[in-house]
Amino acid sequence: SQTIHQWPATLVQPVGSPLSLECTVEGTSNPNLYWYRQAAGRGLQLLFYSVGIGQISSEVPQNLSASRPQDRQFILSSKKLLLSDSGFYLCAWSVGQGDSPLHFGNGTRLTVT
Amino acid sequence: GESVGLHLPTLSVQEGDNSIINCAYSNSASDYFIWYKQESGKGPQFIIDIRSNMDKRQGQRVTVLLNKTVKHLSLQIAATQPGDSAVYFCAESLDYKLSFGAGTTVTVRA
């Protein structure tokens, strides 16, 4: 069966520090991969998605970037964190061409201080 | 921005009653819709989905209804249980991308 791993679960970082969040998927090949951010009490905002290695689509201009160095690995990064980068970051995967559900990891709670 | 919205941010339901959660979507080209349940501190969990060529789909204790004419989606939960307390999101899909509404918080009263 497929599983998704996302770490760390919680993270506290100072303003101006770098960020690297990692997500890996097991049990499936060539998944579509996604990074979402969820502010407190809000819905999920799509940040990046990838339909293949090296293919990254950015949805919202911001202080973050994403990379997909391997088929089942998706990384969210920042060179210098802002206070506004605080939130709950969720990685997800799906298969197909947008006609199957996304399956989410358990998220990373990022607090920028 | 958010292209999918929900009619009510909160819903309080008596245990054993049926729950109905509503959602309005904005993009008439969306062809696939999903309901998710999110418990505190966890990622959203898939509940049920429906494609645009259908108007109703049933799962275990849940039913999703789709009205494309008015761009409305609803989730019905039969015999609501305490474990159903959570935030529920509808989402619409177009071109690989899933857009979410702000969610409805469902509280089940004993």
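The values are calculated or read from the model by the stated rules, or taken from the named source; none is laboratory data. Keep in mind the model is a prediction, meaning the values are calculated, not measured. All Cβ positions, glycine included, derive from the backbone under ideal geometry; neighbour counts span all protein chains shown. Keep in mind that these areas ignore ligands, DNA and RNA; they rest on the heavy atoms of the full protein, side chains included. Shrake-Rupley method; radii C 1.70, N 1.55, O 1.52, S 1.80 Å.
Being within 14 Å of B:Gly43 (Cβ to Cβ) and of a type outside the set (Asp, Glu) is the requirement here; does A:Asn63 meet it? Considered against the rule, which asks whether it is within 14 Å of B:Gly43 (Cβ to Cβ) and of a type outside the set (Asp, Glu), A:Asn63 comes out as no. Screening A:Ala66 with (1) under 27 Å from B:Thr104 (Cβ atoms); (2) surrounded by 15 or more Cβ atoms within 10 Å (Cβ to Cβ) gives one miss only, at (1).
Give the residues of the range A:91-105 that are open to solvent by 40 Å² or more (accessible area, probe 1.4 Å) and under 13 Å from the mean Cα position of the chain (by Cα), sorted by residue number. A:His103, the sole residue that qualifies. Filtered by the rule that a residue be in a strand (DSSP E or B) and either loosely packed, with under 15 Cβ neighbours inside 10 Å or of a type in the set (Val, Ile, Thr) (or both), the range A:74-90 gives A:Ile75, A:Ser77. Pairs are defined by a Cβ separation below 6 Å, a sequence spacing of at least 6 or placement on different chains, a first member in the range B:45-57 that is within 14 Å of B:Asp31 (Cβ to Cβ), and a second member that is surrounded by fewer than 18 Cβ atoms within 10 Å (Cβ to Cβ); the pairs so defined are B:Ile50/B:Arg57; B:Ser52/B:Asp31. Considering only the range B:82-100, I want to know if a residue exists there that is assigned to a strand (DSSP E or B), of a type in the set (S, T, N, Q) and more than 9 Å from every other protein chain (Cβ to nearest Cβ). No, the range B:82-100 contains no residue that is assigned to a strand (DSSP E or B), of a type in the set (S, T, N, Q) and more than 9 Å from every other protein chain (Cβ to nearest Cβ).
Annotation: of all residues in the range A:6-63 being open to solvent by 20 Å² or more (accessible area, probe 1.4 Å), more than 24 Å from A:Thr111 (Cβ to Cβ) and of a type in the set (A, V, I, L, M), the one that is farthest from the other protein chains (Cβ to nearest Cβ) is A:Ile53. Listed here are the strands (runs of 3 or more DSSP E) enclosed by the range B:25-66 that have at least 2 residues being surrounded by 13 or more Cβ atoms within 10 Å (Cβ to Cβ) and within 12 Å of another protein chain (Cβ to nearest Cβ): B:32-38, B:45-51. In the range A:54-70, the residues that are at pLDDT 85 or above reach residues that are of a type outside the set (Phe, Trp, Tyr) and in a loop (DSSP other than H, G, I, E, B) with C-beta atoms within less than 6 angstrom, at least six apart or across chains, in these pairs: A:Asn63/A:Leu82; A:Arg68/A:Ile53.
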